[in-house]
Amino acid sequence: GNSVTQMEGPVTLSEEAFLTINCTYTATGYPSLFWYVQYPGEGLQLLLKATKADDKGSNKGFEATYRKETTSFHLEKGSVQVSDSAVYFCALSDRGTGGFKTIFGAGTRLFVKA
Amino acid sequence: DAGVTQSPTHLIKTRGQQVTLRCSPKSGHDTVSWYQQALGQGPQFIFQYYEEEERQRGNFPDRFSGHQFPNYSSELNVNALLLGDSALYLCASSRGQVNTGELFFGEGSRLTVL
């Protein structure tokens with residue numbers, strides 16, 4: 001079945017550092033890929049998405065490129081801020097027999113120090 | 001425009017009891033998915049409802065059941081509660097069976113089983 005694997009956290013960075021959070025997936029079809037973010041005390045929200053190979057999703061300075069050849073969707077940001085401290089979830093959505101289903105990775109907690 | 005609302009926000013039950021959690025989807029959304037998020041883990045897909053039918057189901061026992069009403073709201077029922085059912089239960093809504101991929105999440109119902 002489909003699965004998502006992302007790097008374990010926590011990841012601790014200083015403000016303005018470069019961020020990479022690795023995500024790889026296994027899927028039988030052609031899934032759409034997503035990054036969701038969960039800020040402290042808030043619900044999960046979509047950060048960015050890519051629906052086909054070589055697409056780049058971007059939002060709030062974060063980027064991720066759908067790499068079919070390496071089955072990866074790594075999240076990057078050039079300069080993190082304290083406000084980026086949160087838990088980041090990689091996810092994929094694919095069509096099954098009854099409809100679409102979205103599954104999530106285990107999450108990576110990011111701490112950004114001032 | 002109200003987002004996804006869930007109730008109750010917190011509840012405590014004892015082993016063997018039954019619980020019902022409720023969800024109202026975002027306005028304009030007709031599909032509801034339920035997830036279980038254990039502490040420090042990613043959301044695990046329980047099932048999805050569309051047109052008042054269960055369309056997809058994750059790897060959860062039959063103790064977990066649900067319902068969707070004509071107004072698209074949904075309930076999650078868990079029977080014969082176990083200690084391991086303690087988790088944050090998340091409801092996510094989306095529109096139709098188109099894989100736009102954007103799930104809108106509520107803030108969850110935190111269930112503690114003693």
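The ranking of B:His10, B:His67, B:His29 by Cβ neighbour count inside 10 Å, starting from the fewest, reads B:His10, B:His67, B:His29. For the protein assembly as shown, DSSP calls about 90 percent of its internal beta bridges antiparallel.
Non-local lysine pairs in region A:32-114, meaning eight or more places apart or on different chains, with alpha-carbon distances under 23 Å, amount to 16.
Considering only A:Phe104, A:Ala114, A:Leu47, and ranking their Cα positions along the charge dipole of chain A that arises from unit charges at the beta-carbon of Lys, Arg, Asp and Glu, the one farthest toward the positive end is A:Phe104.
Here's the picture: charge each Lys and Arg Cβ at +1 and each Asp and Glu Cβ at -1 in chain B, and of B:Asn71, B:Ile46, B:Leu82 the one pushed furthest to the positive end of that dipole is B:Leu82. Positive-end ranking of A:Gly1, A:Phe73, A:Leu19 along the dipole of chain A, with charges on Cβ about the Cα centre, is headed by A:Gly1.
Note on chain B: with charges restricted to the Cβ of Lys and Arg (+1) and Asp and Glu (-1), its dipole about the Cα centre is near 380 debye.
Write down the percent of antiparallel bridges among all DSSP beta bridges whose residues are both part of chain B, to the nearest 5.
Details: 35 of 39 bridges.
Percent antiparallel among DSSP bridges in chain B is about 90.
Taking every DSSP beta bridge that has both residues in chain A, what percent is antiparallel when rounded to the nearest 5? Expressed as a percentage, antiparallel bridges in chain A total about 90.
For the pair A:Asn22 and A:Tyr39 in one chain, pulling the backbone fully straight at 0.36 nm per residue adds 4.2 nm over the alpha carbon distance.
With a Förster radius of 41 Å applied to the beta-carbon distance between B:Arg110 and A:Asp54, the computed FRET efficiency rounds to 0.55.
If you average over every viewing direction, what projected area does the convex hull of the Cα atoms of chain A give, in nm²?
Details: hull surface 27.7 nm².
It is 6.9 nm².
When +1 charges are put on Lys and Arg Cβ atoms and -1 charges on Asp and Glu Cβ atoms, the dipole computed for region A:1-98 relative to its Cα centre reaches about 360 debye.
Neighbouring Cβ atoms from other chains, within 10 Å of the Cβ of residues in B:43-49, number 4 on average. Each Cα pair under 8 Å and six or more residues apart adds its sequence gap; the mean of these over the residue count of chain A is a relative contact order of 36 percent. Between region A:27-97 and region B:38-95, the C-alpha centres lie 23 angstrom from each other. Each peptide among A:22-28, B:89-95 gets the average number of other Cβ atoms lying within 10 Å of its residues, and from highest to lowest they stand as B:89-95, A:22-28.
Read the figures in this text as sums done on the coordinates, not as results from a lab. Fair warning: this is a prediction, and the values are worked out from it, not measured in the lab. Here Cβ is always computed from backbone atoms with ideal geometry, including for glycine, and neighbour counts include all displayed protein chains.
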